[in-house]
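Some notes on the structure that comes next.
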Amino acid sequence: MLDLAYVRSNLEEVAARLSRRGIEMPVAQFSELEQGRRKLVHEADDLRARRNKENESIAAAKRAGQDPSDRFKALREVSQRIKDLEARTREADERLKDLLLSFPNLPDSVVPDGSTSDDNPVLREIGKKPVFDFEPSPHWEIGPALGILDFERAAKVAGARFTVSFGAGARLERALMNFMLDVHTGEHGYTEVLPPFMANSASMTATGQLPKFAEDLFHIDKTDLYLVPTAEVPVTNLHRDEILDAEQLPISYTAYTPCFRSEAGSYGKDVRGMIRQHQFNKVELVKFTRPEDSAAAHEQLTRDAEEILKRLGLHYRVVELCSGDLGFAAARTYDLEVWMPPQKEYREISSCSNFNDFQARRGGIRFRRAPKSKPEFVHTLNGSGLAIGRTVAAILENNQLADGDVSVPEVLHPYMGGLDVLKSSSA
C-alpha cells in the first residue's frame, strides 16, 4: 500500500508515476474523500475544544456555588455530535484505505518506460541455445511418450490445466525441489521454511493478492482461507504485524510449496503442457531488508535464482520489466526467461521483484534501528528459485535426444539415484 501521507502531499507526482504504469489515478475522487475527511476532523476538533472550554466553565460555576445543570444538555449534544463525527471520520478513513488498496506500487525511477512485454529490455543472455540435427518436440509430447507425464488422466481427475507425473517424472520434480533447496540453504544463506499451503484474507491482502485479484485465487468455501498462489504469501506474512530488530535484517527465507491459481483471463493461452497450470510446484526466495539495502538484495536474489539455471545448463536471458508490465505490488522486477527450442521462444521461469515498503505497509512489517527509535517499514523482495514444472518442461525440451530419450542434467544425478537418461523404460 502506498504511504497515505506521501500521497496527500504529492498527489500530482503520484498520479504521474502511476501513469507510467498505464494507470489513471482518480485524483478527483481521492481529493474529494480527503477534503471531506479533513472537514469532519476539523469540525470534531473545534467541538472538542468547545467541550473542554464548557467543562472548565461548568467546573468554575460549581466552585462558585452556582447550578450549571442547564448547561449539561447542550454539553451532551456536543459530545454526541463528536461521536457522530468520529464515526463518519472512521468511515472516510476506510474509504480512503480501500481506494489506496486499489493502487499498484509506484515504479522505481530506474524502471524503463513501456506498455507491454515487448518493451522489456534484455539485460543479458547466459549460455548457448542447443542445436539439434532433428526437429525437437515440445514437452507435452516428450513426457507422455516417455510415460512420465499424463495430461489426460489428470484431466479425468481434476480437469484441464493439471498434470500427473509418473515414475522418473515424479522423481525429477522431487529432485529439482531438493536440489534447489539445497543450493539456496547450503550456499546462498537462506533459511528453509515449510509454511501452510493455505492463507487467510489478511495475509492475501498484505502481499497484494486481495482485494484486486480475488478471481485469480481458489477460495475454500465457508472459511476465510485461500489456497496459496505462491509461497510468497505465507512466508512474507510470517512477520506480519511485527517489529523486528535491525540486527535481524536481512532475513532470507526459501520455501517449497505447491501453488494454486485459477488463471482467470488466460483462457485459450498456454492450454497445452506445463507452462500455465492450476496447480504447480515452486521453490520461492523471500527477503526482508532495510530500505537502503533492498536494491543490492534484489540483485543478489536474482543471481541466486540464476545460479540454478546455470547449473542445470539451461540457456536463459534476464529482462527488466518496463513500467507498464510490472506486477501490481512490484517497484522493480527482473524476469528470468528460459529458452524453449520447439516453441522457438523464451518463457518466464522466475520473476524477481523488489516491492520496497509496499507489502510491509499493508502487512505492518517494521523494524527498529535502535531500542527506542521510531519503527520503520522494511523492504520485501521475492522471486522464484525456480518454478519446478516449467523447469521440468525446459529440461525435457532442451535435453531431448534423437531417439526420444532425455538426458538428465549432471547436477541432478545424485538426486535421481544415478539415473542419467530418461527412457520410456525408466518410468
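Report, in degrees rounded to the nearest 10, the 0 to 90 angle that the Cα long axis of helix 167-186 makes with the longest principal axis of the chain.
Between helix and principal axis, roughly 50 degrees.
Among the trypsin sites (Lys or Arg not before Pro) within the range 285-344, which fall in a DSSP loop and have no more than 16 other Cβ atoms within 10 Å of their own Cβ?
Answer in residue order: 344.
Note the listed values (1) 54, 21, 21; (2) 62, 27, 19; (3) 46, 23, 18, then indicate which one is semi-axes √(5λ) of the Cα gyration tensor in Å calculated from this particular structure.
It is the one labelled (1).
Given 2, 85, 207, which one lies farthest toward the positive end of the charge dipole of the chain, if we put +1 on the Cβ of every Lys and Arg and -1 on the Cβ of every Asp and Glu?
Value computed over the given set: 85.
At a 1.4 Å probe, what is the % contribution of carbon and sulfur to the accessible area of the chain?
Answer for the chain: carbon and sulfur cover 48 percent of the accessible area.
Hey, what did the chain get for relative contact order, percent, Cα under 8 Å, at least 6 apart?
The value is 21 percent.
Mark the label point 7 Å from the Cα of residue 131 along Cα→Cβ and return the residues of the range 303-334 whose backbone N is within less than 18 Å of it.
Answer for the range 303-334: 314-316.
Can you find, among 155, 191, 349, the residue farthest towards the positive end of the dipole of the chain? Put +1 on the C-beta of Lys and Arg, -1 on that of Asp and Glu.
191
Can you list which of the chymotrypsin sites (Phe, Trp or Tyr not before Pro) found in the range 204-275 are DSSP loop residues with at most 13 other C-beta atoms within 10 Å?
The qualifying sites are 267.
Rounded to whole Å, give me the distance from the Cα center of the range 249-304 to that of the range 371-386.
Using only Cα atoms, the two centres lie 17 Å from each other.
Mind checking the dipole of the range 1-91: about its Cα centre, +1 per Lys or Arg Cβ, -1 per Asp or Glu Cβ, Debye to the nearest 20?
That gives a dipole near 280 debye.
Please list, ordered by chain and number, the residues whose modelled amide H lies under 5 Å from the amide H of residue 259; skip anything fewer than 5 residues away on the same chain.
For residue 259, whose amide H was placed from the backbone, the distant partners under 5 Å are 280, 281, 282.
Rolling a 1.4 angstrom probe over the protein heavy atoms, how many square angstrom per residue are accessible across the chain?
Using a 1.4 Å probe on heavy atoms only, each residue of the chain averages 48 Å².
Need one word for the range 175-293: rounded, prolate or oblate. Basis is the Cα gyration tensor (sqrt eigenvalues a ≥ b ≥ c); a/c below 1.5 gives rounded, then a/b vs b/c decides.
Oblate.
Under the rule of -39500 (n - 2.57) per DSSP H run of 4 or more residues, summed and divided by the residues of the chain, what mean residue ellipticity at 222 nm is obtained, to the nearest 500 deg cm²/dmol?
-13000 deg cm²/dmol, from helical runs alone.
Could you give each residue of the range 405-422 its phi-based ³J(HN,Hα) in whole Hz, using Karplus coefficients 6.51, -1.76, 1.60 with θ = phi - 60°, and x for Gly or Pro?
Per residue, the Karplus-derived 3J(HN,Hα) values read 6, 9, 6, 8, x, 4, 5, 8, 3, x, 7, 9, x, x, 5, 10, 9, 8 Hz.
Please work out the Cα center distance from the range 203-219 to the range 1-72, rounded to the nearest Å.
With the range 203-219 and the range 1-72 each reduced to a Cα centre, they are spaced 32 Å.
The values are calculated or read from the model by the stated rules, or taken from the named source; none is laboratory data. This one's a predicted model, so the numbers in the text were calculated from it and none came from an experiment. In this analysis, Cβ positions are derived from the backbone assuming ideal geometry, glycine residues included, and neighbour counts consider all displayed protein chains. The area values use the complete protein model at the heavy-atom level, side chains included, leaving out ligands, DNA and RNA. Shrake-Rupley method; radii C 1.70, N 1.55, O 1.52, S 1.80 Å.
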